[in-house]
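Worksheet for the structure shown next.
Just so it is clear, none of the values below were taken in a lab; they were calculated from the coordinates. Bear in mind that the values here come from a model prediction, so they are computed numbers and not experimental data. Backbone-built Cβ (ideal geometry, glycine too); neighbour counts: all protein chains shown.
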Amino acid sequence: MEKYKGLISLILVIVLMFVVVFGVRTVSQNKPAESSDTAGVSVGVGGDNVNLSGVKDGVYTGEAQGFGGSVVATVTISGGKITDIQVTGDSETEGLGSVAVEKIPAKVLASNSLQVDAVSGATISSNAVLDAITAALASAGLTPDMLSGDGASASSVEKKNEVVEADIVVIGGGGAGMSSAITAKQAGADVILIEKMPYLGGNTTKATGGMNAAETHYQAEQGIEDTIDQFVEDTMVGGKEINNIDLVRTMAENSSDAIDWLDELGAPLPKVSFSGGATNARIHSPEDGSGVGEYLVKAFSDKLDEMQIPVYLDTKATELIVEDGKVTGVIAESEDCNYTFKAKAVILATGGFGANEEMYCTYRPDLKGTVTTNAPGATGDGIVMAQSLGADLVDIEQIQLHPTVEQATSMLITEGVRGDGAILVNQSGKRFINEMKTRDVVSAAELEQEGQYAYVIFDQNLRDGLKAIEKYVKNNIVVEAATIEELAKQIDMDPATLSETLKTWNEAVANQNDEEFGRDTGMEHDLSVAPYYAIKVAPGIHHTMGGIKIDVKSQVIKTDGTVIPGLFAAGEVCGGIHGANRIGGNAVVDIVVFGRIAAESAWDYIQ
Ligand code: ADP
C-alpha cells in the first residue's frame, strides 16, 4: 500500500485541480481570504460558527473574468446565510459594468440565491460577478444550490401605486433627456426624469467621436475658420438633402451656445478635429481623448445630483396621459410600483429603435440579422407612445449603418480613429475608399469587398493620442504586431501588399495628396510608428434617423399638421434632422441643442 501512496496523492491532486478549473463555470481563480486547516473549507476572519450546511462562518474571496479584466468577490457568510458581498472589478467600473457590480451582489443578498437576473445590457459583467461570488462560495465548500433562496425578487410582491406631481416630466435619461432636465431646472421648473434601465446614458454613452459645432470660441482660439452656413450645408449634403432644413439650421445656430453651456456645466469639449462629411474641423471632444458620450453622461448625471433632480431609474413609461387634448402626465411602472406622474408638460427623450429588431425590420426588412451597436433601451417606446396620440413620423425607414463595428462584440470603432489618421484595407491589404466619406458610402464600399468586411489599420502614435483605443485593446479585438509585415501575417494578408499600401499612404500624407482616393482630411500623421494595429470591422446598425415629427420648438406635430399641446420631443426619438445619413458628431449636438430647446419650450408653454 505504502508504495502506491505517491500515485494516489498525484491522482487526488489531479482530480482536485479538475474540480477547481472546470467545476466553477468560467472562473479563472478561486482564492480564499485566509486558508484553514480544515480540508476543503476556507475560514475567514469572522470566527468558527458552524452553520446548518456545515460551512464555517467567515470571509471568502473568489475571482472571475469580466469585461476585459478580473472581478473579485469577497463574501461574508454568517449563520448559514450570505450576510455581505463586496465586489471589485477595475475593468467594470465604467458604464454598464459598474451597475452589475453594484446591483448583482444586492440581488444575491436580498434573495440569498444565485438565481438572479443579469442587469440588462451588462450580461458579461453580471455573469462575471456571479461567477466570482460562486467561486468565493466554492472556497467555503458551498454550492449555489445550498443557498436557501430561490431568487424571488420584488416582482412577486404586490405593487404599490404612487402619484407623483411635477411641472415637467422627462422620459428617458440619455443625453437629450438629461440636457432637458437640467435646462428645465435651470429655468426654474420642478422637473423629474424617468429612465427604464437601471442606469442613465442610453445610446449617448456609446458616442465616442464628439460634438459638431460651428463658430465656437474653441475654433476661434485655434484659428479654425468655419461657419454656421457651412455646417448647415454639410449636414444637408450628408443627409442627401431630405433633412428638414429649418431643424438643421436651428441645430447649427444653437451649436456654439451649446458648447458654452457645456463649459458652464464643467464639461468642456476643447479638442477640435475633422470628422467624416465635415468641410472644416468642427467635431469637439474632451481634452483627454475620452469618449464624448461617457464624458457627457457623467457630467450630466453629476449635475442632476447636484441640482437634486429626482431620477426614477428602472421605471418604464408606458403611456401618455391626455386630458382635454393636452398631455398632462405619464403612466409608468417599476418592479415594485405603478406610477402616475402628473405634469404640466412632458418631454419625450426615449431615443431610437436600433435595439428593436422587430420594429426596424418592419420599416427595413433588408436589415434582418444585422448586428446593432445600440444600447438595449433603444426600443422605440417613445415613437409608439407619440403615435398613439396621432404624432406624425418622418424618414422612419432611414436607418444608419456604421462602417466600423467589430462584429463579435458589436463594439463601435469610433470615427475618431480614421479622423486621427487610420486607413481601411480589405482582405487583399488594399485601400478601397476615401475613409473620410460619409458612413453610408463607406459602409456600402465595405459590403462590396470580399467577405463584406475590412480592417482598420493604425500605429502606436495614433493609439497614444486616442484613449478610446484602450477600450478596444481591453476587449481583445485589436491585433498588434511589431512590424507591418508581421501584422499582415497575423490577419492572413499578403505582407508585401500591406507594406506597399502603407508606403503609398505615408507618401500621400507627406505630400498631402491622396492620388488614389482623394482623401483630404485626417492626414495630419502618417502611420509609421511601431507597433502596428488592426481591427476587423463590418457595418452595424447605429442610428435610427427617422422618428417623431417636431418643429423648431421641439413641439410634437400630428399627421394633420397641428401640435400636440404639452408634448415635446428631443434627440434620437425625433426625425428630420439627419435626413438620409447622419454625419458623425451630429447626434451629440442634436441631443444637447434640442434637449435644451424642448425644456425651454416646455417651460414657456407652462408659463
Ligand atoms: P438620446 O441620444 O436621444 O438621448 P439615448 O438612447 O441616449 O437617446 O437615451 C434614451 C434613453 O431613454 C435610454 O436611456 C433609454 O433606456 C430610455 N428609454 C427608452 N424608452 C423608455 C421608456 N419607455 N421609459 C423610460 N425610459 C426609456
| Long-range amide H partners of HIS543 with built H, under 5 Å | GLN400
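Can you tell me the FRET efficiency between HIS217 and VAL237 if r is taken as the Cβ-Cβ distance and R0 is 35 Å, rounded to the nearest 0.05? Walk me through the numbers on the way to the answer.
Working: r = 26 Å, r/R0 = 0.75.
Computed FRET efficiency for HIS217 and VAL237 comes out at 0.85.
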| task | Going by C-beta contacts inside 10 Å, put VAL129, VAL593 in order with the fewest on the left. | result | VAL593, VAL129
| note | Summing -39500 (n - 2.57) over every DSSP H run of at least 4 residues in the chain and dividing by its residue count gives a helix-only mean residue ellipticity at 222 nm, to the nearest 500 deg cm²/dmol, of -10000 deg cm²/dmol
| request: Please list 463-469, 448-454, 247-253 highest first by mean number of surrounding beta-carbon atoms within 10 Å per residue. | output: 247-253, 463-469, 448-454
| Charged-residue dipole, Cβ positions (Lys, Arg, Asp, Glu), the chain about Cα centre, Debye nearest 20 | 1560 debye
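Suppose the chain between ASP604 and ASN161 were pulled fully straight at 0.36 nm per residue; how much longer would it get relative to their current alpha carbon spacing?
That works out to 156.4 nm of additional length.
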| request: May I ask you to order 486-497, 344-355, 571-582 by the average number of other C-beta atoms within 10 Å around their residues, highest value first? | output: 344-355, 571-582, 486-497
| How about LYS303: which aspartates and glutamates have a C-alpha closer than 12 Å to its C-alpha, ignoring those fewer than 8 places off in the same chain? | GLU264
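For the range 181-228, what is Rg from Cα atoms divided by 2.2 N^0.38 Å, rounded to two decimals? Can you show the working numbers first?
Numbers: Rg = 16.5 Å, N = 48, 2.2 N^0.38 = 9.6 Å.
The reported ratio for this selection is 1.72.
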| query | So for the chain, what are the equivalent ellipsoid semi-axes in whole Å, largest first, each being the square root of 5 times an eigenvalue of the Cα gyration tensor? | reply | 44, 36, 19
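Please work out how many pairs of lysine residues in the range 150-245 are eight or more positions apart (or on different chains) and have Cα atoms closer than 26 angstrom.
Working: LYS159/LYS196; LYS160/LYS196; LYS185/LYS196; LYS185/LYS206; LYS196/LYS206; LYS206/LYS240.
Final tally of qualifying lysine pairs is 6.
Determine the relative contact order of the chain: mean sequence separation of Cα pairs under 8 Å and six or more apart, normalised by residue count, in whole percent.
Values: 1480 pairs, mean separation 95.4, N = 607.
Normalised by residue count, the contact order of the chain is 16 percent.
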| message | Just to confirm my numbers, what's the Cα centroid distance between the range 381-449 and the range 227-260 in Å? | response | 20 Å
| note | Proxy exposure order for ILE192, ILE477 (fewest C-beta within 10 Å first) is ILE477, ILE192
